[in-house]
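Everything below concerns the one structure shown next.
The values are calculated or read from the model by the stated rules, or taken from the named source; none is laboratory data. Owing to the predicted nature of the structure, the values given are computational and were not obtained by experimental measurement. As a convention, Cβ positions derive from the backbone with ideal geometry for all residues, glycine included, and neighbour counts pool all protein chains shown. Accessible surface is based on the protein model in full, side chains and every heavy atom, while ligands, DNA and RNA are left aside. Shrake-Rupley method; radii C 1.70, N 1.55, O 1.52, S 1.80 Å.
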Amino acid sequence: MRFDILTLFPDMFSSPFRESIIGRAIEKGLIEVRTINIRDFALDKHRVVDDTPYGGGQGMVMKVEPIARAIEWVKSQNPSAWTVHLTPQGKPFNQELASSLSSRPHLILLCGRYEGVDERVRELFVDEEISIGDYVLTGGELAAMVLIDVVARLLPGVLGSDRSAAEDSFFNSLLEYPQYTRPLDFRGKCVPEVLLSGNHAAIALWRRKEALRRTLTRRPDLLARANLSEEDRRLMEEILQERETDKGGDGA
Ligand code: 6GU
């Protein structure tokens with residue numbers, strides 16, 4: 001899968017994609033990430049990429065021509081590339097949207113600055129507008145990094161054979177269960193007994209219950225979408241009972 005990032009700040013992308021899972025995916029040729037400096041597509045002597053807004057007001061607006069030329073340059077190589085504009089006005093990004101993007105062989109990611117991009121870019125060149133959450137970033141660059149990370153790990157081979165994204169939290173609409181490693185006792189806080197039992201069925205049941213408990217406590221909105229089995233419903237009953245008696249839970 002190919003990602004072409006259109007940005008005014010290509011240097012922001014050099015380090016994050018060298019590391020870890022995404023770095024290895026690039027080395028293995030599973031994904032290609034290329035940054036394209038929008039300024040290189042400005043034709044005037046001073047390579048101007050932004051201008052003051054018609055109608056007045058604060059800040060600068062990114063000009064349409066350099067962005068148009070940059071997108072058309074990529075499209076001349078692959079007319080079927082899918083163009084995404086990262087903007088707070090976009091559709092909220094989530095696992096489902098990531099999954100649908102992961103089936104596209106070539107994404108063009110347009111990173112705007114917060115003040116905005118000339119509206120005609122959207123009208124003429126953008127297939128989809130995406131936001132990564134209800135808060136304001138100074139530009140689309142960090143959002144593009146988030147999107148690439150989330151989408152890339154869904155591609156075959158990126159996570160390695162021993163792990164699949166289908167096991168992840170959010171894929172199942174539940175939060176993850178708590179994890180522990182050595183030492184057994186840290187300042188009087190001990191690892192739950194059941195995890196030392198060697199009883200795999202009991203461990204699986206405990207983990208499922210704790211995942212349900214966390215989701216109920218922290219993100220009850222996710223439960224509406226979760227596919228709960230008969231056993232899950234029974235565990236939920238237990239959790240609610242426990243909450244009644246000892247105001248238990250994981251302290252969340
Ligand atoms: Cl995609 N861009 C900016 N500038 N801010 C954001 C965002 C995107 N998503 C959330 N906040």
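Think of a 1.4 Å ball rolled over the protein heavy atoms: the chain then has 60 Å² of accessible area per residue. Checking the a/c ratio against 1.5 first, then a/b against b/c, what shape does the Cα gyration tensor give for segment 61-136? It is oblate, given that a/c is not under 1.5 and a/b is not larger than b/c. For the chain, the longest principal axis of the alpha carbon atoms and the long axis of helix 200-218 meet at an angle near 60°. In the chain, the longest principal axis of the Cα atoms and the axis of helix 64-77 are about 70 degrees apart.
Is segment 195-248 rounded, prolate or oblate when judged by the Cα gyration tensor, a ≥ b ≥ c being the square roots of its eigenvalues, rounded requiring a/c under 1.5 and prolate requiring a/b larger than b/c? Oblate shape, in that a/c is at least 1.5 and b/c is the bigger or equal ratio. Magnitude of the charge dipole for segment 62-156, about its Cα centre and with charges confined to Cβ atoms of Lys, Arg (+1) and Asp, Glu (-1), is about 240 debye. Bridge orientation summary for the chain: considering DSSP beta bridges with both residues in this region, about 20 percent are antiparallel.
Between segment 210-247 and segment 4-82, the alpha-carbon centres lie 45 Å apart. Taking a straight line from the alpha carbon of Lys45, these lysines sit under 27 Å away, with near neighbours fewer than eight places off in the same chain left out: Lys63, Lys75.
One compactness figure for the chain is 1.29, namely its Cα radius of gyration divided by 2.2 N^0.38 Å. Helix 230-246 against the longest principal axis of the chain: what's the angle in degrees, Cα atoms only, rounded to the nearest 10? With rounding to tens, the tilt is 70 degrees.
Considering only Asp221, Asp168, Asp185, the mean-square fluctuation computed in a Gaussian network model of the chain, springs between alpha carbons under 10 angstrom, is largest for Asp185. Please report the relative contact order for the chain, taking Cα pairs under 8 Å with a sequence separation of at least 6, and give it as a percent rounded to a whole number. For the chain, the relative contact order is 17 percent.
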